[in-house]
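Here is the structure we will look at.
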Amino acid sequence: MDTFLTTLSQLLTPEGGWDARLLLRIVLSTSILFGYIVLLARTFGSRTFATFTSYDFLTNVAAGSLVASAILGKSIVEASLSLLVLVILQSLVSAWSARSRRAQQVFDNAPVVLVENGVVRQEAMKQARISQAILEQKVREAGVEDVSEVKFAVLESGGNISVVKG
């Protein structure tokens, strides 16, 4: 039991121990970064931190990691600049993808038709790594009782499955 409590205490104590400067740094850096992220989202548009495509998702994961590093690190300047570069790159890529079919093919996943006129396309399901159970769950969420009643079920580029009733 003593080993457990010692380990728990070590887990809950930051390196160097607790002090007012540490708490103030965390509160200030989190507040500054929160405002900075709001400013970036307002400046670069609502797509900045949305997850329409797998590329957007990866950008959000990287942004989250940068924000965490900045909050827990000594300085927020490097992470803030990195976040700005990441947001600019994401904005450029999304604008380029919107204007160029080739860029769209490079950065965005193409939609995959999983069900067509009530027939499950097994090869598409296999390639997309979607199980029958997941497909059936999404069909039920769309208010359809059976896959045979589905006109189309499409795995969208952002990872959602859209269901169109037949």
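The values are calculated or read from the model by the stated rules, or taken from the named source; none is laboratory data. Model, not experiment: these values are computed from the prediction. Virtual Cβ from ideal backbone geometry, glycine too; neighbours counted across all protein chains shown.
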- prompt: Is it the case that some residue within the stretch 78-85 is surrounded by 11 or more Cβ atoms within 10 Å (Cβ to Cβ) and under 30 Å from ILE161 (Cβ atoms)?
  reply: no
Of those in the stretch 103-121 that are surrounded by 14 or more Cβ atoms within 10 Å (Cβ to Cβ) and without any contact (Cβ under 8 Å) to a residue 24 or more places away in the chain, the residue farthest from ALA142 (Cα to Cα) is ALA103
Residue hits (the stretch 123-140; at negative phi and charged (D, E, K, R)) are GLU123, LYS126, GLU136, LYS138, ARG140
Picking from ALA124, ALA70, the residue that is surrounded by 14 or more Cβ atoms within 10 Å (Cβ to Cβ), at pLDDT below 90 and of a type in the set (A, V, I, L, M, F, W, C) would be ALA70
For the stretch 31-47 the number of residues that are surrounded by 14 or more Cβ atoms within 10 Å (Cβ to Cβ) and more than 18 Å from the chain's Cα centre (by Cα) is 3
Note on the stretch 147-166: residues among the small types (Gly, Ala, Ser), more than 22 Å from GLN105 (Cβ to Cβ) and either more than 23 Å from the chain's Cα centre (by Cα) or in a loop (DSSP other than H, G, I, E, B) (or both) are SER148, GLY166
Worksheet item: Restricting attention to the stretch 130-147, does a residue exist that is surrounded by 14 or more Cβ atoms within 10 Å (Cβ to Cβ), farther than 19 Å from GLY166 by Cβ and at pLDDT 90 or above?
Response: yes
Of those in the stretch 5-27 that are within 29 Å of the chain's Cα centre (by Cα) and outside any helix (DSSP H, G or I), the residue modelled with the lowest pLDDT is PRO14
Of the residues in the stretch 35-54, those that are of a type outside the set (A, V, I, L, M) and in contact (Cβ under 8 Å) with a residue 12 or more places away in the chain come to TYR36, PHE44, GLY45, ARG47, THR48, PHE49, THR51, PHE52, THR53, SER54
Quick check: anything in the stretch 70-78 under 30 Å from TYR36 (Cα atoms), of a type in the set (D, E, K, R), in a loop (DSSP other than H, G, I, E, B) and over 18 Å from the mean Cα position of the chain (by Cα)?
yes
When the stretch 101-146 is checked residue by residue, the ones that are outside any loop (DSSP other than H, G, I, E, B) and either under 17 Å from THR53 (Cβ atoms) or of a type in the set (Phe, Trp, Tyr) (or both) are ARG101, ARG102, ALA103, GLN104, GLN105, VAL106, PHE107, VAL112, ALA128
Residue pairs qualifying under the 6 Å Cβ cut-off, at least six apart or on distinct chains, with the first in the stretch 1-30 being among the β-branched types (Val, Ile, Thr) and the second being at pLDDT below 90, are THR30/ILE71
